[in-house]
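Note sheet for the following structure.
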Number of protein chains: 2
Amino acid sequence: MAKRARKKKVAPIRRAADAPVKLTDKDKKTLKSIVGMGDRVVKIAGLSRAPHLDIPSRSLSNVKFNKSKRFIEMGKGTNKRELFNLSQAKSYMQTMLVASGCKQLIEQGKSTSIRGMYYLLKHTIEGTKEETFNEQSECDPVIEDVEVSLNALREELHVYASNRGSIVGNLVFDDSGDEIDCSRMGSGGYTIPSICEPDIIQFKKCEADFILHVEKDTVWRRFNEDKFWRTHNCILTHGGGQPPRGVRRLLHRMHHELELPVYCLLDNDPWGYYIYSVIKQGSINLAYESRRMAIPGAKFMGLRSKDYDRCELTPSVTIKLSDQDIKRAKQIASYPWFKDKKPWQKEIQTMLKNGFKLEVEALISKDISYVTEQYVPDRLEDRDFLD
Amino acid sequence: MAKRARKKKVAPIRRAADAPVKLTDKDKKTLKSIVGMGDRVVKIAGLSRAPHLDIPSRSLSNVKFNKSKRFIEMGKGTNKRELFNLSQAKSYMQTMLVASGCKQLIEQGKSTSIRGMYYLLKHTIEGTKEETFNEQSECDPVIEDVEVSLNALREELHVYASNRGSIVGNLVFDDSGDEIDCSRMGSGGYTIPSICEPDIIQFKKCEADFILHVEKDTVWRRFNEDKFWRTHNCILTHGGGQPPRGVRRLLHRMHHELELPVYCLLDNDPWGYYIYSVIKQGSINLAYESRRMAIPGAKFMGLRSKDYDRCELTPSVTIKLSDQDIKRAKQIASYPWFKDKKPWQKEIQTMLKNGFKLEVEALISKDISYVTEQYVPDRLEDRDFLD
């Protein structure tokens, strides 16, 4: 390895513009939380007590389904993380380091990915051979710890996830100063940004009646090509599989601020059920963000296990359930938010009895545009959704 | 399995609009090729001879690097595919079936994904228990066979790949009747459609001086956030890793029709080298599309193996090469189009000697905007590209 030991130094940067950074109110609030976190440590140290942090626990035992809010949320359990504890010192320091990285980002008016955050903070601690982080997998959970500790979404800490998913439809918004008219977005559509907070995206005009969220870009393209959103006056989104945070946040904001129903068109398989579960109730691992991401009012439009009969599909287009699928389906059926819902129990039992799964694309066997001209219009008419 | 044998029947479809389909000149040409393929079979059968197809061979032995055109292309080798040959009858029939599926798509003015094509054509052959296709993996190569046989890009057959990748910058084009101004695309950008043929995308106005293509959406976001394309008057694209066909085709068209240089900013690892190789010379597997996809004039901007020293990076941000990386690097070094290029040999040898790889994100360790404010501006100034 032709590496030399070298101190990390910040090179002089040629700046395009040394304009002062304009902080949003949200930025100021987040900065205040970060500084407060540091101040508490200083205060405790000033009292000659051992510095520590109380990190809300993200373990399964501290996650529960809130029946009245209808989403997954975190309990009040916390874990103490102490500086003068051999097994906690490193993660204590990592937490402070990530918080300082977020502070730097906000102050500079910039954002970065979780990978970027890792590189920003990774270095050999002076006078030792110890790395601040050995792998990104060490850094990612610490970012989540900082999120829960500060009660700030990752996006508010200026850390972004991947840009995945596209949008078209009868909606106009402002994104970073540009007016985005989603009804004039050609065949490609607008890429849903990874950060969809109100300081970046402001809704300007919405004439749509509802949101149709589909699982895959290929299905989305069929709907866009048929200009479904125009004939049915809606907004059309996809999330490229399990939707990334930006897509979930935008759906959440459109649902609540524009008061639009969200209908999900996903595959009839455990993966499709799970995508719906995350959109609706939030994810177990990121329960703390449910209140700004989960959409308890979202409806599952299909595909349904009964669609094999209802749509008169052929055995050719079915896919046999694997052992893994069966196991996963049973797990999902036992989720607290599905357990007491008879229609969902029936839905999953029917899939298991069928012994096969169905992809949305299977409807193409009826006709290329069956999904846009018959399946979805029929569901919108008969209101046969799963809740 | 609760499946019933059921004949495939086309259900009556409620059509949004039964407008006649307007075929483009390209569509008419492609249709003529497909019909010609069928006519030849009828003619041969009329002469009481055994129907067959001559499919250009896509094997490695029929692929060569054309030194004057500077891209990979197919040779003249073909394989006979006969109906009355037990080992070829199925693939013969599958080929005709895919051709008829493409005909149907073009005539209806619609497009579908390769998964959609599989579902469109999959059925139990009447009076038998035989499926037309058992798996999508049986259908995909047949689509490629039809492409080479008809000398038509997949996009011309109305079959699309995934929508991945985004674009922003000083460019205006028309996409399916909508004017897309890539300089007013906020933080998300325009999703590069999977089909970028001239009947869908028409360039209207371009003031940019060059194209900067980056590997990942997260790096792209840094450049867009810093409005790099505005300060450096360029077009900014990413392809979400190995760029899908739509991105490659759009880059190709912008390079040739708008006469813009293409600079690639990729990771310093064998995967980054390979992405560059595909953008520049085309891929071995899809050699027949090189002339409409490959960009022999594309330049590799970095990251370079010498950047560890040049940018004064720390050992912390290096990633040790795996055995797989080393093997892959040696393979790439022996590609005919890299073999005789001394700078590339030196580049790969330096990486192997370093023993580590570098991601573009590693530059964040210098400063969040080092890549946009120093690294790329320096390369544009010193013109130190690999060709």
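Taking the range B:216-243, which residues are within 16 Å of B:SER277 (Cβ to Cβ) and either of a type in the set (A, V, I, L, M, F, W, C) or surrounded by fewer than 24 Cβ atoms within 10 Å (Cβ to Cβ) (or both)? Of everything in the range B:216-243, those that are within 16 Å of B:SER277 (Cβ to Cβ) and either of a type in the set (A, V, I, L, M, F, W, C) or surrounded by fewer than 24 Cβ atoms within 10 Å (Cβ to Cβ) (or both) turn out to be B:GLY241, B:GLN242.
Among the criteria (1) within 18 Å of B:SER365 (Cα to Cα); (2) within 12 Å of another protein chain (Cβ to nearest Cβ), the one A:GLN94 does not fulfil is (2). Of the listed requirements (1) farther than 30 Å from B:VAL63 by Cβ; (2) modelled with pLDDT under 95, B:ASP387 misses just one: (1).
Number of residues in the range A:174-202 that are in a strand (DSSP E or B) and not aliphatic (A, V, I, L, M): the value is 8.
A quick yes/no check of all residues on (1) more than 7 Å from chain B (Cβ to nearest Cβ); (2) outside any strand (DSSP E or B); (3) farther than 30 Å from B:PRO193 by Cα:
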{"position": "A:GLN104", "(1), (2), (3)": "yes, yes, yes"}
{"position": "A:MET117", "(1), (2), (3)": "yes, yes, yes"}
{"position": "A:LEU120", "(1), (2), (3)": "no, yes, yes"}
{"position": "A:ASN134", "(1), (2), (3)": "yes, yes, yes"}
{"position": "A:ASP140", "(1), (2), (3)": "yes, yes, yes"}
{"position": "A:ASP145", "(1), (2), (3)": "yes, yes, yes"}
{"position": "A:VAL168", "(1), (2), (3)": "yes, no, no"}
{"position": "A:VAL172", "(1), (2), (3)": "yes, no, no"}
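Of the residues making up the range A:286-303, those that are away from every other protein chain (no Cβ under 14 Å) and over 30 Å from A:ALA152 (Cα atoms) are A:MET301, A:GLY302. Candidates are the residues of the range B:7-33 that are surrounded by fewer than 15 Cβ atoms within 10 Å (Cβ to Cβ) and away from chain A (no Cβ under 11 Å); the one that is modelled with the lowest pLDDT is B:ALA19. Number of residues in the range A:241-274 that are over 26 Å from A:LYS204 (Cβ atoms) and under 12 Å from the mean Cα position of the chain (by Cα): the value is 2.
In the range B:251-276, the residue that is surrounded by the fewest Cβ atoms within 10 Å (Cβ to Cβ) out of those that are in contact with a helix residue (DSSP H, G or I) (Cβ under 8 Å, 6 or more places away or on another chain) and under 25 Å from B:GLU155 (Cα atoms) is B:PRO261. When A:LYS43, A:LYS80 are screened for being part of a helix (DSSP H, G or I), among the basic types (Lys, Arg), over 29 Å from A:ILE295 (Cα atoms) and not assigned by TED's automatic domain parsing to the domain that holds A:ALA294, only A:LYS43 passes. Condition test on A:ASP209, is it more than 13 Å from chain B (Cβ to nearest Cβ) and in contact (Cβ under 8 Å) with a residue 12 or more places away in the chain? Answer is yes for this residue.
Within the range B:60-76, identify whether any single residue is closer than 20 Å to B:MET93 by Cβ and either within 24 Å of the chain's Cα centre (by Cα) or among the β-branched types (Val, Ile, Thr) (or both), and answer yes or no. No, the range B:60-76 has no match at all.
No other residue among B:ALA89, B:ALA50 is on the phi < 0 side of the Ramachandran plot, in contact with a Phe, Trp or Tyr (Cβ under 8 Å, 6 or more places away or on another chain), surrounded by fewer than 16 Cβ atoms within 10 Å (Cβ to Cβ) and not charged (D, E, K, R) apart from B:ALA50. Restricting the search to helices (runs of 4 or more DSSP H) fully inside the range B:277-384 and requiring at least 1 residues that are surrounded by 16 or more Cβ atoms within 10 Å (Cβ to Cβ) and modelled with pLDDT of 95 or more gives B:307-310, B:323-333, B:342-354, B:376-382. A Cβ distance below 7 Å, combined with a sequence gap of six or more or placement on separate chains, defines the contacts here; from the range A:363-376, residues that are more than 7 Å from every other protein chain (Cβ to nearest Cβ) and over 8 Å from B:LEU120 (Cα atoms) reach residues that are assigned to a helix (DSSP H, G or I) and of a type in the set (D, E, K, R) in the pairs A:VAL371/A:ARG222; A:THR372/A:ARG222. Residues in the range A:223-238 that are modelled with pLDDT under 95 and touching a helix residue (DSSP H, G or I) at 6+ places or on another chain (Cβ under 6 Å): A:ASP226 alone.
The values are calculated or read from the model by the stated rules, or taken from the named source; none is laboratory data. The structure presented is a predicted model; accordingly, all values stated were derived computationally and were not measured. Cβ coordinates were reconstructed from backbone atoms using ideal geometry, including for glycine residues, and neighbour counts include every protein chain displayed.
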